[in-house]
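Worksheet: one structure, shown below.
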Amino acid sequence: MTREADTLNAVRTPGFSISVGDLLRNARKLKQELVKQSNLLSIRVAILGGSTTTQVKTMLELFLLGQGIRPSFYESGFNRYSEDVLFKNPDLWNFQPDIVFIHTTWQNVLQWPELLEAENNIEGRVRQEMARFESLWEKIHAQLGALIIQNNFDLPRLRPLGNLEASEAYGRINFLMRLNAEFGKYARDHSRFFINDIHYLSAQIGLTEWLGNSYWYNFHMALSPSATMVLTRNITGIIKSIYGKSKKCLVLDLDNTLWGGVIGDDGLQNIVLGRDHPVGEAFQDFQRYVKQLQRRGIILAVCSKNDADNAKEGFSHRDSILKLEDFSVFKANWDPKPENLRATAAELNIGLDSMVFVDDNPAERALVSAELPEIAVPDVGSDVSTFAEILEREGYFEVHKIVQDDLSRAEYYNSNAQRKTSESNFRDYGEFLASLEMCAEIASFTTVYLDRITQLINKTNQFNLTTRRYTSAEIEAIAQDSSFISLYGRLSDRFGDNGLVSVLIGEVQGDTVRLDAWLMSCRVLKREMEFSMFDTLVEQCQARGIRRITGIYIPSKKNVLVAGHYASLGFRHIEQNSQGHDLWCYDVPDTYLLRSRHIRRSEELVGTASAEGAVVPSGL
Amino acid sequence: MTRREFLLEMDEILGFTPGTLQGHEKLEELEHWDSTSLITFIALADECSGASVSPAQIVNCTTVSDLLGLARVAA
């Protein structure tokens with residue numbers, strides 16, 4: 001591989017080793033190459049700096065492009081992060097950022113405690129600093145409607161008070177930790193506010209490497225060049241997660257990946273796992289890390305060259321943290337791994353680019369990388385004690401919010417296996433659908449679901465008519481705007497709750513509603529949920545006197561699945577515009593035959609309508 | 001690395017057509033002489049001639065030729 005190709009790979013692969021020099025010297029060529037990608041997501045990012053930020057912008061642009069996101073930037077003047085917002089800099093207001101990144105560091109704190117200052121005075125200083133930042137954040141949210149990514153505070157390199165800096169209330173480190181706790185609390189209370197945790201990042205690489213004194217004194221760069229790279233990769237991870245580009249599934253090899261040894265040869269009792277053995281402890285800790293990912297919604301799968309019964313037996317080991325039921329797909333056989341990975345993606349209804357594959361065997365990693373370049377295959381080496389750290393550093397599974405649906409994801413995929421087993425017992429598909437006893441809750445956007453709605457909109461690619469992405473602020477605004485019809489759909493069946501799985505947004509203009517977004521989780525494909533959503537849409541149109549529904553299909557690499565969606569609902573094809581987008585139209589009839597035959601909507605359960613083939617007259 | 005080769009690298013860093021920079025140009029008059037190009041120059045000097053240039057040294061440079069001096073590029 002050439003050095004240039006290495007650099008390009010590094011920009012696309014979080015955690016891939018690259019020097020700042022290589023990155024910046026090739027910046028122009030890299031950018032030219034990366035903007036050639038199709039389906040780039042365009043976003044506007046304002047960088048408001050408490051220090052010099054041009055180098056931040058350059059690196060952030062490259063890393064975002066590497067993840068399929070094309071940013072345009074506004075950059076505040078040096079240390080004008082506060083004035084630009086408080087005095088409404090027209091350039092910033094005209095820029096209309098989607099995201100505001102506030103790049104402040106410990107050098108931007110104004111209210112340092114005095115030596116031996118009273119505790120209540122220091123508390124007052126914390127409140128004053130918070131008030132200063134909150135006034136910015138609130139103005140950005142209220143007037144710019146942008147998401148905010150805010151650095152918390154790193155620590156100064158020098159400690160004139162020694163260890164008292166940490167323990168005494170007037171110590172600077174103690175003070176910064178209190179501010180960080182307050183910043184964290186603000187983030188917990190505000191869904192459109194995200195912390196860029198530079199306190200952790202600086203600890204990770206060490207303060208000596210983090211802070212470049214000479215850069216600060218001469219050019220007011222708060223961070224060293226290598227720290228700036230760490231910073232911008234971390235911000236890229238946050239933005240990736242906001243726009244639904246984080247990975248969804250971790251696929252694991254077994255022998256020498258989840259335990260030491262080869263279970264088929266060594267037997268259950270002789271695999272290395274648990275605290276009785278130093279390496280066994282490392283394998284157990286890696287399992288513990290994987291279990292934590294699974295508990296917060298990452299789908300787990302096994303892909304191992306093994307006899308299936310032997311492989312499964314490994315999880316009955318007394319020291320195994322992971323259990324068989326933690327895995328949604330289990331492929332242990334002698335087929336080539338790329339074949340098993342393709343089958344796993346198909347079974348889970350996710351794209352290959354949503355998967356991360358971990359295997360201690362470099363030959364297997366190379367094979368998967370070569371045959372399935374969409375799958376992330378980190379170079380984990382063969383030392384299990386570093387596996388978790390490598391996964392962590394690469395930020396594949398960055399998450400900006402955990403919602404209830406994330407926690408029940410594994411449960412869903414496991415109950416889906418029961419659904420598939422059940423499917424084979426029926427004569428026809430309709431009988432199977434009826435047996436599921438499905439019930440949908442379809443209603444207008446409501447506050448309690450806004451986070452999940454935003455998450456689903458920004459991560460759904462396959463059943464997505466327009467692949468338009470929305471920020472939390474936009475979703476909140478739509479929810480409150482009566483000129484929109486905004487519907488969410490939840491679906492449950494006798495095997496469990498599938499959660500919030502579908503979203504539809506239409507803007508009403510006169511007697512027409514124009515559908516700007518319609519998407520559905522692939523969890524519930526072929527379950528008639530799209531029909532139920534349409535039934536509700538038509539009913540709402542009838543109730544509001546809307547006579548026409550227009551829809552647009554914007555083709556992408558991933559949404560060919562829904563190319564015929566509008567035709568299947570009886571829409572008329574109007575035209576294909578110059579951009580290749582198909583425009584469709586549906587005339588709302590006076591009487592309407594419900595499309596969904598196997599899903600009862602929750603309002604129907606209380607008797608306002610009947611489900612199958614019911615005719616809904618206009619004006620209800 | 002020769003002076004000419006280094007100037008071509010600086011052209012690339014600053015977004016100029018190859019052959020633009022001659023050395024006499026004043027840094028403060030170059031549109032793209034900013035924190036990014038400064039870091040890139042330091043990395044370039046280190047890689048091409050093993051010169052360890054500090055930001056403090058760059059502050060004292062006025063022209064492109066001064067930078068070349070720091071990078072130990074022969075005149």
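None of the figures in this text is laboratory data; all of them are computed from the coordinates on show. Every value quoted in this text rests on a predicted model; they were computed, and no experiment measured them. Cβ sites come from the backbone with ideal geometry, for glycine too, and all protein chains shown count toward neighbours.
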Item checked: Amide H contacts under 5 Å for A:Val100, placed H, 5+ residues apart -> A:Ala46, A:Leu147, A:Ile148, A:Ile149
Next item on the list: Could you tally the net charge around A:Trp584, taking each other residue with its Cβ under 15 Å from the Cβ of A:Trp584, Lys/Arg +1 and Asp/Glu -1?
Entry: -2
Notebook entry, point to check: Once you average over the residues of A:212-219, how many Cβ atoms of partner chains fall within 10 Å of each Cβ?
Noted result: 5
Notebook entry, point to check: How about A:Lys245: which aspartates and glutamates have a C-alpha closer than 14 Å to its C-alpha, ignoring those fewer than 8 places off in the same chain?
Noted result: A:Asp353, A:Glu374, A:Glu394, A:Glu398
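Where does the charge balance sit around A:Asp276 when Lys and Arg score +1, Asp and Glu -1, over other residues with C-beta under 13 Å from its C-beta?
0
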Next item on the list: Place +1 on the Cβ of every Lys and Arg and -1 on the Cβ of every Asp and Glu in the range A:427-617, take the dipole about the Cα centre, and give the residue among A:Asn458, A:Phe484, A:Thr446 whose Cα lies farthest towards its positive end.
Entry: A:Asn458
Note to self: I'm a student and want to see the number: the projected area of the Cα convex hull of the range A:249-394, averaged over all directions, in nm².
What the structure shows: 7.7 nm²
Check: Considering only the protein assembly as shown, what is the antiparallel percent among its DSSP beta bridges, to the nearest 5?
Finding: 50 percent
Notebook entry, point to check: Which value in deg cm²/dmol, rounded to the nearest 500, describes the helix-derived mean residue ellipticity at 222 nm for chain A, given -39,500 (n - 2.57) per DSSP H run of n ≥ 4 and division by the residue count?
Noted result: -12000 deg cm²/dmol
Check: How large is the dipole of the protein assembly as shown about the Cα centre if only Lys and Arg carry +1 and Asp and Glu carry -1, each at its Cβ, rounded to the nearest 20 debye?
Finding: 1000 debye
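With an 8 Å cut-off on Cα pairs and a minimum separation of 6 or more residues, tell me the relative contact order of chain A in percent. List each step's numbers first, then the result.
On the way: 1098 pairs, mean separation 56.7, N = 620.
Computed value for chain A: 9 percent relative contact order.
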Item checked: Sites A:Tyr289 and A:Glu114, calculated FRET efficiency, Cβ-Cβ separation with R0 51 Å, nearest 0.05 -> 0.70
Item checked: Intensity falloff of the range A:455-612 expressed as log10 I(q)/I(0), Debye formula with alpha-carbon point scatterers, at q = 0.11, 0.17 Å⁻¹ -> -0.42, -1.08
Notebook entry, point to check: For the cross-link pairs A:Lys248/A:Lys526; A:Lys240/A:Lys312; A:Lys29/B:Lys26; A:Lys36/A:Lys185, which exceed 30 Å when the distance is taken from alpha carbon to alpha carbon?
Noted result: A:Lys240/A:Lys312; A:Lys36/A:Lys185
Margin query: At a 10 angstrom cut-off on C-beta neighbours, averaged per residue, how do the peptides A:251-257, A:548-554 rank from highest to lowest?
Written below: A:251-257, A:548-554
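Given Cα pairs under 8 Å that are at least 6 residues apart, what percent is the relative contact order of the range A:3-242?
19 percent
How high is the FRET efficiency from A:Asp590 to A:Lys323, r the C-beta distance, R0 45 Å, rounded to 0.05?
0.20
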Item checked: Cross-link table A:Lys57/A:Lys337; A:Lys323/A:Lys401; A:Lys31/A:Lys305; A:Lys139/A:Lys557, entries beyond 32 Å C-alpha to C-alpha -> A:Lys57/A:Lys337; A:Lys31/A:Lys305; A:Lys139/A:Lys557
Next item on the list: Could you list A:Phe283, A:Phe571 in order of exposure, starting from the residue whose Cβ has the fewest other Cβ atoms within 10 Å?
Entry: A:Phe571, A:Phe283
Margin query: Residues of the range B:43-68 with backbone nitrogen within less than 20 Å of a virtual label 7 Å along the Cα-to-Cβ line of B:Lys26, please, listed as ranges.
Written below: B:58-68
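Only Lys, Arg, Asp and Glu count, each charged at its Cβ (+1, +1, -1, -1), so figure out the dipole size of the range A:427-617 about its Cα centre, rounded to 20 debye.
Here the range A:427-617 has a charge dipole of around 540 debye.
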Checklist line | 50 Å tail of the calculated P(r), the protein assembly as shown, as % of Cα pairs | finding: 22 percent
Next item on the list: Work out the charge dipole of the protein assembly as shown with +1 on the Cβ of Lys and Arg and -1 on the Cβ of Asp and Glu about the Cα centre, then indicate which of A:Val45, A:Phe286, A:His199 is farthest towards its positive end.
Entry: A:Val45
Next item on the list: With label points built 7 Å along Cα→Cβ from the Cα atoms of A:Glu431 and A:Ala308, find their separation and express it in nm.
Entry: 2.5 nm
Note to self: What does the structure give for A:437-447 when I average, per residue, the other chain Cβ atoms found within 10 Å of the residue Cβ?
What the structure shows: 0
Next item on the list: Report ³J(HN,Hα) in whole Hz for each residue of the range A:34-45, in order, from the Karplus equation J = 6.51 cos²θ - 1.76 cosθ + 1.60 where θ = phi - 60°; Gly and Pro get x.
Entry: 6, 6, 6, 4, 8, 6, 5, 8, 8, 9, 10, 10
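Dividing the alpha-carbon radius of gyration of the range A:3-242 by 2.2 N^0.38 Å (N being the number of residues), what value is obtained?
Computed over Cα atoms of the range A:3-242, the ratio equals 1.04.
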Next item on the list: Would you mind counting up the charge near A:Gly77? Only other residues with Cβ under 12 Å from its Cβ, with Lys and Arg at +1 and Asp and Glu at -1.
Entry: -3
